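Only the coordinates and a few stated rules stand behind these numbers; no lab work does. The structure displayed is predicted, hence computed values, not measured ones. No Cβ is skipped: glycine too gets one built from the backbone with ideal geometry, and neighbour counts run over all protein chains shown.
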Amino acid sequence: MTPLDFLVGQWDWGPQALIALAGLIALVAQRSLRRFRLVGWTCLAALVLLILLRGKSYYAGPVHPTLLAAGAVLIERFTVPRWSTLLRWTAVMVVLGYSAVTLPIGLPILAPPTMVRYLDWLGSEDAVTTNVGNIERLPQDFADMLGWEAQVDAVAQVFHGLDPAEQERVVLMGSNYGEAGAIDFYGPRRGLPGAIAYVGTYWYFGPGDKPGDVMISIGFSYDDMTDFFDTVATAAHVMNHYAVAEQRDLFVYVCHGPRETLQEVWPSLAGEQ
């Protein structure tokens, strides 16, 4: 995210962004708030650091409550007495109105079909744009809450369809930490072993001690698996129309005949995504 995108993204907070901006200026420059100067500079430093590190605009969220409090004090102190009550209540009502309209975007209080219709009515494309620029039906955070148990159910059905000897040797592998994490979280109650993945910090936990002569994979393409195994069979298909693109249409494969053991190939997978 560019610095400009980060700054423009602060307006996603709505009218309270103006109050937060006023609060930042007040904390840094207002004499009446000089005893809180360190707080202001700390908030400013956090924002600058996020910009320099190319952070997402919403990473600034934890800074906003402090700035909103300072901005509210500024409004209270510097409104003309005759208009002060009107201006204060106007500020409150504008913020509350915006918050009411955007509440379903911040909290998953609507069922997916209702949420889709609400977003269509709202016309907010930003709300359904993912961190890689894809436009989905639901906000990414909400879409990423859906479908995980169905994935693990599919893997469990395939696992329990293996003969007992293969169940002892099989390795479960997810193409990303979401799929592997879902197996680790939901899998034990379905009688599944833990999963492996070579993405992110999952790679550091290694492939385990099984060579991978039998593998159940989820989230990979058929071609991905035939690069490493002699035999790849489609065992299940999981679809979720409300999920993000990479989780919407997944296949579960049973793979046999690895060309290398997992322990041999694992070092070369470091840094792969």
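Could you work out the equivalent-ellipsoid semi-axes for the chain, taking the square root of 5 times each eigenvalue of the Cα gyration tensor, largest first, in whole Å? Provide the component values of the computation, followed by the final result.
Working: eigenvalues 499, 93, 41 Å².
Value: 50, 22, 14 Å, ordered largest first.
Summarise the long-distance tail of P(r) for segment 148-269 by giving the % of C-alpha pairs beyond 23 Å.
Tail of the P(r) past 23 Å holds 22 percent of the pairs.
Please give the calculated 222 nm ellipticity per residue for the chain, where each DSSP H segment of at least 4 residues contributes -39500 (n - 2.57) and the sum is spread over every residue; nearest 500 deg cm²/dmol?
-14500 deg cm²/dmol
Report for the chain the percent antiparallel among DSSP-assigned beta bridges with both residues inside it, nearest 5.
Antiparallel bridges make up about 70 percent of those DSSP assigns within the chain.
Compute the FRET efficiency between residue 78 and residue 45 as 1/(1 + (r/R0)^6), taking r as their Cβ-Cβ distance and R0 = 25 Å, and round to the nearest 0.05.
Numbers: r = 26 Å, r/R0 = 1.02.
E between residue 78 and residue 45, to the nearest 0.05, is 0.45.
What's the whole-number percent of alpha carbon pairs in segment 3-107 lying beyond 19 angstrom?
47
Grab the beta carbon distance between residue 190 and residue 131, set R0 = 41 Å, and tell me the FRET efficiency rounded to 0.05. Walk me through the numbers before you get to the answer.
Working: r = 30 Å, r/R0 = 0.74.
About 0.85, to the nearest 0.05.
Whole angstrom only: what separates the Cα centroid of segment 150-220 from the Cα centroid of segment 64-92?
Taking the Cα centre of each part, segment 150-220 and segment 64-92 sit 55 Å apart.
If you take the charge dipole of the chain about its Cα centre, with +1 on Lys and Arg Cβ and -1 on Asp and Glu Cβ, which of 65, 198, 233 is farthest toward its positive end?
65
Using the alpha carbons of segment 37-76, what is the convex hull volume per residue in cubic angstrom, as a whole number?
Output value, Cα hull per residue: 59 Å³.
At a 10 Å Cβ-Cβ cut-off, how would you order 124, 175, fewest neighbours first?
Exposure proxy ranking, most exposed first: 124, 175.
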